[in-house]
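The values are calculated or read from the model by the stated rules, or taken from the named source; none is laboratory data. Just so we're clear, the structure is a prediction, and the values are computed from it rather than from any experiment. Note: ideal-geometry Cβ built from the backbone for every residue, glycine included; neighbour counts use all protein chains shown. Only protein heavy atoms, including side chains, enter the accessible area calculation; ligands, DNA and RNA are left aside. Shrake-Rupley method; radii C 1.70, N 1.55, O 1.52, S 1.80 Å.
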Amino acid sequence: MRIIAGRERGRRLLCPTGRRVRPTSDRVREALFDILQHRVPGAKVLDLFAGTGALGIEALSRGARRAVFVDNHPASLAVVRANLERCRLAARAQVVKADALAYVARAGGRDEPYEIIFADPPYRSGMGAALLHAINPALLARDGLVVCEHARGEELPEAAGGLTRLRQQRYGDTMLSFYSLKTATLPGPGTSPT
């Protein structure tokens, strides 16, 4: 795994051994950030089920202002911290040991909201839908996005809590579902946001 673009482009990331962590592939990350390219600079980002931290670290490399990484597994948290140090991005990051569903239910309103929330729960666990329903709307900026990665064939709701699905993209066996607090269109790659 490597950082695809930005200040830390090409830097390799550590990944825990074993099957517990399933990092987002370089191909899917590149496609995701092509879609989000105009939203990332200056954004505050939340990386849930952080694993290696690859999504949040990619955002920081591309100019995100701040990133918060949430995971409940000590080995993943250690890898996220090590990757942030390797990429010299620790000063713009916070690593939190917490259950992702509990975090999003209680975190809203205590701090400024996030412009982008990444969620990569274990595939076919039902946690993607549960997370979408649990998100406190105050956690997301008015024009913010929630991006949930899930397995092809694992259905996520069109609407959950205060969120509405805007778009889905398929990359092999991986799906990306994009949600917002309002009905809007998500710009495609290479277009400016409205």
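Here are a few things to note about the model shown:
- Only one residue of His38, Gly6, Ile135 has its Cα farthest out toward the positive end of the dipole of the chain, where Lys and Arg carry +1 and Asp and Glu -1 on Cβ, and that residue is Gly6.
- Per-bin percent of Cα-Cα distances, the chain [10 Å]: 9, 40, 40, 10, 0
- Accessible surface of His38 - all protein chains present, 1.4 Å probe, nearest 10 Å²: 90 Å²
- Average accessible surface area per residue within segment 131-184, 1.4 Å rolling probe, Å²: 42 Å²
- Considering only the Cα atoms of segment 43-153, their convex hull presents on average a projected area of 6.7 nm².
- Inter-part distance, segment 126-155 to segment 1-76, computed on C-alpha centroids, equals 17 Å.
- By the helix-only formula, in which each DSSP H run with n ≥ 4 contributes -39500 (n - 2.57) and the sum is divided by residues, the chain has a 222 nm mean residue ellipticity of -7000 deg cm²/dmol.
- Heavy-atom surface analysis with a 1.4 Å probe gives the chain a carbon and sulfur content of 49 percent of its accessible area.
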